[in-house]
Amino acid sequence: MTKDQFVIGVDYGSDSVRSVLINATNGDEIASSVFNYPRWSDGLYCNAAENQFRQHPLDYIEGLEFTIKDCLAKAGGTAASAVRGLSVDTTGSTPVAVNKHGLPLALTPEFESNPNAMFVLWKDHTSVNEAARINEHATKFDVNYLKYVGGIYSSEWFWAKLLHILKVDEQVRNACYSWVEHCDWIPFLLTGGKDASQLMRGRCSAGHKALWAEEFDGLPPDEFFSSLDPLLKGFTARLFTDTYTSDQKAGYLSEEWAQRLGLSTNVAVGIGAFDAHMGAVGGQIEPYHLSKVMGTSTCDILVAPTAEMQGKLVRGICGQVNGSVIPGMAGLEAGQSAFGDTYAWFKNMISWPINNLLNGSSIIDAKTAAALRDEIAERIIPELSIAAKLLPIDENNEVSIDWFNGRRTPDADQTLKGAITGLSLGSDAPKIFRSLAEATCFGAKSIVDRFITEGIPVKGIIGIGGVAKKSPFVMQMMADILGMPIRIHQFKHTCALGAAMFAAVVADIYPTVEDAMAAMGRGFDVEYCPDKSLADIYSKRYQKYQNLGAFVSQSLAHSLTVNQPAEV
């Protein structure tokens, strides 16, 4: 292999998109670039109080073009001519309504400012009622169509979001020809797709979120959906039957996009997948090791040889799909709906006076106030971590529940809420922050415990993502609570690196994903080992976490029952 074989990995996160230009020979980063979504940054089309989180496709398109061109400009020379492949990962489930040409409705004049015509971000929970209907409806069929998604359908996923949008917006309903995941739409865009019926759907998104399964020869039948709600009648015919693993080509860069990016039409474009799945590959996942992508939420990925998973179904996770991560292996997904978001919530809450009162100060000018606000915002979490680390661990410390954005795993339920108990006049910011960090680690333990009790061993933890790289405090606490070591992958943009590894395969530089991982993997730079002397106290604290979680769950269930409107 010559040194001039480059690949591009594009990783769409919740707040930004990042691209990396990688030397496929050895995995060296040639250049990287990050683009924050401008409309998202301004809070447009979102309403946190109603759990509505939408993203405009222009944020994605502008970020795609900017980051790739920026990488090529930073690399200079003949870098552009050396690019052989490009692959993309995205958050998910983040679907959008498209017309017959596969164009998101928000890119048409009629719908350019309509949130229902935009991508429905993974964390959007406006469809909790639709998810509940799907779960109840599935019990009426002899075939268990939810068996490969852990037995519970989530409001974060494909069908619940589609049904909600169709119900609440007649204009979008009439214009919507099909429903497409973000990770499937970007390759379609780059390859010049103009016909929604020709759009290639990835195995990852289809299996984990849209109920596609080999056993069903595709999606559940139209009868399942049309009997759920007449609005869904006929949608399966406009969706897909076949799916494709991410080591396969979606095509090649179109003439338009080759010109826009300054690349060749010979650049192969891979089938897309979700960020954590490609991130697990970038983080050099091993069978039965749990890869935890830790950012605003967590997405936990485990792979196992397909032959060893025969007859095994894990309850309450986010799906198990053959080939969704690595072809030839079953990919199992779990996760937490709020991880870094929990810390961000606490930071924003205690920063209220700084964010809202400083500008009106009679002591300092507006410029100084803004600089002070930025400085404090940057230091809050690191300083809280230092203070929290010094606190003694006591059985009766404050206890929190990490369901601030609902619960993803185990047993998805987006109606659940976070909680903090054990508060007193002696409770201060470091103590509460510590209880929140502990809760996110206990949430991670509940996932590991579910895999183990369902007969799936967890042999180790691989940490990737922003929290894994930036917070030794949280990572050491997690190792102590899980009672197992955590290796932190050294590459900063691990999901983008995983996308680049798939790009190297679709460009025929490597024959398999495993070969690309071996050649391009960057290894681990930190390992956190558990302090065994803390096992007993954390066991007692974990029991309190479980008891509080059960109380919160029961209380909310009772509240929902009491306030349920009567049938007319």
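The values are calculated or read from the model by the stated rules, or taken from the named source; none is laboratory data. Because the structure is a prediction, the values reported are computed rather than measured. Please note: Cβ atoms are built from the backbone with ideal geometry, for glycine as well, and neighbour counts cover all protein chains shown. Surface areas here come from the heavy atoms of the whole protein model, side chains and all, with no ligands, DNA or RNA. Shrake-Rupley method; radii C 1.70, N 1.55, O 1.52, S 1.80 Å.
Pop out the ³J(HN,Hα) list for segment 308-322 in order, Karplus 6.51 cos²θ - 1.76 cosθ + 1.60 with θ = phi - 60°, rounded to Hz; leave Gly and Pro as x.
Listing the rounded values in order: 7, 9, 4, x, 9, 10, 8, 5, x, 9, 9, x, 9, 9, 5 Hz.
Taking 8 Å as the Cα distance limit and 6 or more residues as the minimum spacing, I'd like the relative contact order of the chain as a percentage. Walk me through the intermediate numbers first.
Numbers: 1223 pairs, mean separation 90.4, N = 568.
RCO, the chain: 16 percent.
Sequence-distant or interchain residues sharing an amide H contact under 5 Å with residue 403, placed H: which?
Placed amide hydrogens put 418, 419 under 5 Å from residue 403.
Would you mind working out the magnitude of the charge dipole of the chain relative to its Cα centre, with +1 at each Lys and Arg C-beta and -1 at each Asp and Glu C-beta, to the nearest 20 Debye? Write down the numbers at each step before the final one.
Details: 48 positive and 64 negative charges, 112 e Å.
In debye, rounded to 20, the chain gives about 540.
Kindly give the semi-axes, whole Å and largest first, of the ellipsoid equivalent to segment 71-125, taking each as the square root of 5 times a Cα gyration tensor eigenvalue. Don't skip to the end; give the middle numbers.
Values: eigenvalues 208, 47, 25 Å².
Sorted largest first and rounded, they come to 32, 15, 11 Å.
Rg and Dmax in Å for segment 276-393, alpha carbons only: what are they?
Rg and Dmax of segment 276-393, Cα atoms, are 21.5, 70 Å.
What aspartates and glutamates sit close enough to residue 459 to cross-link, taking a C-alpha to C-alpha distance under 15 Å and skipping anything fewer than 8 places away on the same chain?
286, 300, 449, 527
Can you work out ³J(HN,Hα) from phi for every residue in segment 144-159, in order, using Karplus 6.51 cos²θ - 1.76 cosθ + 1.60 and θ = phi - 60°, giving whole Hz and x for Gly and Pro?
In residue order, the calculated couplings are 8, 6, 9, 5, 9, 10, x, x, 9, 8, 10, 5, 7, 10, 3, 6 Hz.
Quick one: if you stick a label point 7 Å off each Cα along the C-beta vector at residue 557 and residue 100, how many nm between them?
If labels sit at residue 557 and residue 100, their model points lie 4.9 nm apart.
For residue 526, enumerate residues with amide H under 5 Å from its amide H, sequence gap 5+ or separate chain, H modeled in the peptide plane.
488
Given 4 °C and 1.567 mPa s, how large is the Stokes-Einstein diffusion coefficient of segment 481-542 in µm²/s, with Rh as the Kirkwood radius over Cα pairs? Write out the running numbers ahead of the final one.
Working: Rh = 14.1 Å.
Value of D from the Cα-based Kirkwood radius: 92 µm²/s.
Where does the chain land at 222 nm, in deg cm²/dmol rounded to the nearest 500, when only DSSP H runs of n ≥ 4 count, each adding -39500 (n - 2.57), divided by all residues? Don't skip to the end; give the middle numbers.
Details: 20 runs with 224 residues, N = 568.
So the helix-based figure for the chain works out to -12000 deg cm²/dmol.
Using a 1.4 angstrom probe on heavy atoms only, work out the carbon and sulfur share of the accessible area of segment 57-206 in %. Show your work: numbers first, answer last.
Numbers: 2410 of 4970 Å².
Looking at segment 57-206 in its full context, I get 49 percent from C and S.
With an 8 Å Cα cut-off and a minimum separation of 6 or more residues, compute the relative contact order for segment 301-450 in percent. Numbers along the way, then the final one.
Numbers: 199 pairs, mean separation 36.9, N = 150.
Taking the mean separation of contacting Cα pairs over the length of segment 301-450, I get 25 percent.
Can you sort 467, 34, 180 by 1.4 Å-probe accessible area, starting with the largest?
Values: 467 20, 34 70, 180 0 Å².
I get 34, 467, 180, largest accessible area first.
Residue separation times 0.36 nm, minus the C-alpha to C-alpha distance between residue 259 and residue 65: what's the value?
Details: separation 194, 0.36 × 194 = 69.84 nm, distance 1.07 nm.
Between residue 259 and residue 65, full extension yields an extra 68.8 nm.
Using only the Cα atoms of segment 430-493, build the gyration tensor, take square roots of its eigenvalues as a ≥ b ≥ c, and label the shape rounded, prolate or oblate: rounded if a/c is under 1.5, else prolate if a/b is larger than b/c, else oblate. Display every interim value, and only then the final one.
Working: a/c = 2.32, a/b = 1.19, b/c = 1.96.
Oblate, because a/c is 1.5 or more while a/b does not exceed b/c.
Eigenvalues of the Cα gyration tensor times 5, then square-rooted: what semi-axes does that give for segment 137-183, in whole angstrom, largest first? Could you put the intermediate results ahead of the total?
Numbers: eigenvalues 120, 34, 17 Å².
Value: 24, 13, 9 Å, ordered largest first.
Using only the Cα atoms, what convex hull volume per residue in Å³ does segment 123-239 have? Working shown, then result.
Values: hull volume 12.7 nm³, N = 117.
Taking only Cα atoms, segment 123-239 has a hull volume of 109 Å³ per residue.
Just how far, in whole angstrom, is segment 87-152 from segment 317-384 if you go by their alpha carbon centroids?
When both Cα centres are located, 25 Å separates them.
Please say if the chain is rounded, prolate or oblate, where rounded means a/c under 1.5 for a ≥ b ≥ c the square roots of the C-alpha gyration tensor eigenvalues, and otherwise the choice is prolate for a/b larger than b/c and oblate otherwise?
Working: a/c = 1.32, a/b = 1.16, b/c = 1.13.
Rounded, since a/c falls under 1.5.
Could you state the number of Å between the C-alpha centres of segment 442-493 and segment 266-303?
15 Å
Which of rounded, prolate or oblate describes segment 91-150 when judged by the alpha-carbon gyration tensor and an a/c cut-off of 1.5? Mind showing how you got there, number by number?
Details: a/c = 2.68, a/b = 2.26, b/c = 1.18.
Prolate.
From the mean inverse distance of alpha carbon pairs (Kirkwood) and the Cα radius of gyration, derive Rg over Rh for segment 43-165. Each step should come with its number before you reach the end.
On the way: Rg = 18.6 Å, Rh = 16.9 Å.
Over the Cα atoms of segment 43-165, Rg/Rh equals 1.10.
Which far-off residues, 5 or more places away or on another chain, put their amide H under 5 Å from the one on residue 102, with H placed in the peptide plane?
When sequence neighbours closer than 5 places are left aside, the close amide H contacts are 196.
Can you give the accessible area per residue of the chain, in Å², using a 1.4 Å probe? Please list the in-between numbers first.
On the way: 22530 Å² over 568 residues.
Result: 40 Å² per residue.
I need the phi-derived Karplus couplings for segment 361-366: 6.51 cos²θ - 1.76 cosθ + 1.60, θ = phi - 60°, integer Hz, Gly and Pro marked x.
5, 8, 9, 10, 7, 4
Can you work out the FRET efficiency for the pair residue 386 and residue 233, with r the C-beta to C-beta distance and R0 = 56 Å, to the nearest 0.05?
Values: r = 58 Å, r/R0 = 1.03.
The pair residue 386/residue 233 has a calculated efficiency of 0.45.
For segment 312-380, calculate the relative contact order in percent as a whole number, restricting contacts to Cα pairs under 8 Å that are 6 or more residues apart.
Details: 46 pairs, mean separation 12.2, N = 69.
Once normalised by length, the contact order is 18 percent.
Going through the cross-link list 140/445; 100/492; 100/147; 347/367, which pairs have a Cα-Cα distance over 29 Å in this structure?
Details: 140/445 33 Å; 100/492 39 Å; 100/147 32 Å; 347/367 22 Å.
140/445; 100/492; 100/147, as the Cα separations exceed 29 Å there.
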